[in-house]
Amino acid sequence: MSAPGRPVAVRDRVPGRGRVPGGGRSPAPAPAHRPLRLAPGRLSLRVRPRPLAVTLLLVLLAAGSGALALTRDGLVPPAEVLGALFGAGSEQAAFVVLELRLPRVALGLVVGAALGAAGALFQQLSRNPLGSPDIVGFNSGAATGALLVLLHGDPAYVAAGAAGGGLATAVVVQLLARRGSFRGNRLILAGIAVGSLLASVNAYLLTRAALDHAQSAQLWLIGSLGSAERHQVPPALIALGVLLLAALPVVRRLDLLEMGDEAAGGLGVDAGRTRVLVLLIAVGLSAVAVSAAGPIVFVALCAPQLARRLARGTGTGLLPAAAMGALLLSASDLLAVTLPTAGPLPVGVVTGALGGLYLAWLLGRGRRRLRRGPRVPQVRARLLRGTAGIR
């Protein structure tokens, strides 16, 4: 009880801010994230402990998966692999590790990270968990542009063809989903329609190509890392780094759009410009992945959702999704080369199978929730509303 005539302070009634037995006050609750200031007074980055820990763990797991891929089948012992990486191994070990396996592993990590980041941006942009580049047709558009270059041009310009095809597809989908403003089911339906049309165009291009070109292009359309070479890794890695650095300052503004365009505009966020920038970055990430390994499916769809479940965070979750994408594609490629089949499987076959299992698990999980029915508080609230007029 307070003394007579003494008003009770507002902060004394706030939970977590009252007096403690020692006479002092309980400390304020710790913030869920802390600002990390990169340049005094200019640029700061909010750091959440759990997403940061999840990202680091996923990076370590992806690196471990790549290390297993380098030492698979026991052809090159781990000691010789380390010697080859540091320039102290035999010529045979150096050829196997540096020329055959390391480019494939490195390109798989880069492509997986690009797909995971692109999926996170597309899903946050469309506010739909199905808004991944392989579902809404952007990968098909990038594949069309790359196929045109592969079959009728110079293969050195495959990346430019993929970027041009993905950007053209983004423009068409935006025009079809103009009223939706990149959001909701309208974007998904427009992307599926355009993707189906482009899949027919890709099939037509294969029927008109020479047999040897058609066979190699068909393998590329499935998604494969088997033809990875050393000269492909540096450009893909540089493009991934530039696009991720460009996305980091835009992601915060994209997260603010969840409050609505008017509320975000009151905070100084230009909604139209932000969406265009995010779309361009996401298309660029998709083009990096498609030009390097083909239109690999389901990684961009699954990686952001799995990373979000582990990190338990809100917003885009760009870096956890990129790390999860690298882990998924690296592990899928390791599984593709170790399965007892007649020959090495394209990684797109494995990711397609794993993606189907993931969707089946989601359907089963949703069905179990429906069987359990609504939660007790919801049932109680409905009963109270129904009996309110009986008294």
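The values are calculated or read from the model by the stated rules, or taken from the named source; none is laboratory data. All figures in this text were calculated on a predicted structure; none of them were measured in a lab. With ideal geometry, Cβ positions are generated from the backbone for all residues, glycine too; neighbour counts draw on all protein chains shown. To get the accessible areas, we keep the full protein, side chains included, count just its heavy atoms, and leave off ligands, DNA and RNA. Shrake-Rupley method; radii C 1.70, N 1.55, O 1.52, S 1.80 Å.
Can you tell which of L167, L125, L130, L109 is part of a helix (DSSP H, G or I), within 18 Å of the chain's Cα centre (by Cα), at negative phi and surrounded by fewer than 24 Cβ atoms within 10 Å (Cβ to Cβ)?
Step by step, each of L167, L125, L130, L109 is checked, and only L125 is part of a helix (DSSP H, G or I), within 18 Å of the chain's Cα centre (by Cα), at negative phi and surrounded by fewer than 24 Cβ atoms within 10 Å (Cβ to Cβ).
Taken together, the criteria place G272 among residues that are farther than 20 Å from P129 by Cα, in a helix (DSSP H, G or I) and modelled with pLDDT under 85. Of the listed requirements (1) in a helix (DSSP H, G or I); (2) out of contact with any Pro (no Cβ under 9 Å at 6 or more places or on another chain); (3) of a type outside the set (S, T, Y), V149 misses just one: (2). Sub-9 Å Cβ pairs linking a first residue in the stretch 71-88 that is at positive phi to a second residue that is assigned to a helix (DSSP H, G or I) and small (G, A, S), at least 6 apart or interchain, are G87/A94, ordered by first then second residue.
Taking the numbered list (1) open to solvent by 60 Å² or more (accessible area, probe 1.4 Å); (2) assigned to a helix (DSSP H, G or I); (3) in contact (Cβ under 8 Å) with a residue 60 or more places away in the chain in turn, G116 passes all entries but (1). Kindly indicate whether any position in the stretch 286-298 is buried (at least 24 other Cβ atoms within 10 Å of the Cβ) and aromatic (F, W, Y). Yes, because at least one residue in the stretch 286-298 is buried (at least 24 other Cβ atoms within 10 Å of the Cβ) and aromatic (F, W, Y). Filtering the stretch 225-238 to residues that are in contact (Cβ under 8 Å) with a residue 60 or more places away in the chain and either open to solvent by 30 Å² or more (accessible area, probe 1.4 Å) or touching a Gly at 6+ places or on another chain (Cβ under 6 Å) (or both) leaves L225, G226, E229, R230, Q232, P235, L237.
The set of residues in the stretch 257-276 that are surrounded by 18 or more Cβ atoms within 10 Å (Cβ to Cβ) and in contact (Cβ under 8 Å) with a residue 12 or more places away in the chain comprises L257, V269, A271, T274, R275. Contact annotation: residue pairs with Cβ atoms under 6 Å, 6 or more positions apart or on different chains, pairing a residue in the stretch 301-315 that is within 14 Å of V59 (Cα to Cα) with a partner that is of a type in the set (G, A, S) and open to solvent by less than 30 Å² (accessible area, probe 1.4 Å), are A303/G116; A303/G119; A303/A321; A303/G325; A307/A321. Checking each residue in the stretch 333-363 for being over 16 Å from P129 (Cα atoms) and without any contact (Cβ under 8 Å) to a residue 24 or more places away in the chain picks out L335, A336, L339, P340, T341, A342, G343, L345, V350, A353, L357. Residue check: N139 meets all listed conditions (1) under 18 Å from I296 (Cα atoms); (2) open to solvent by 10 Å² or more (accessible area, probe 1.4 Å); (3) not basic (K, R) but one, namely (2).
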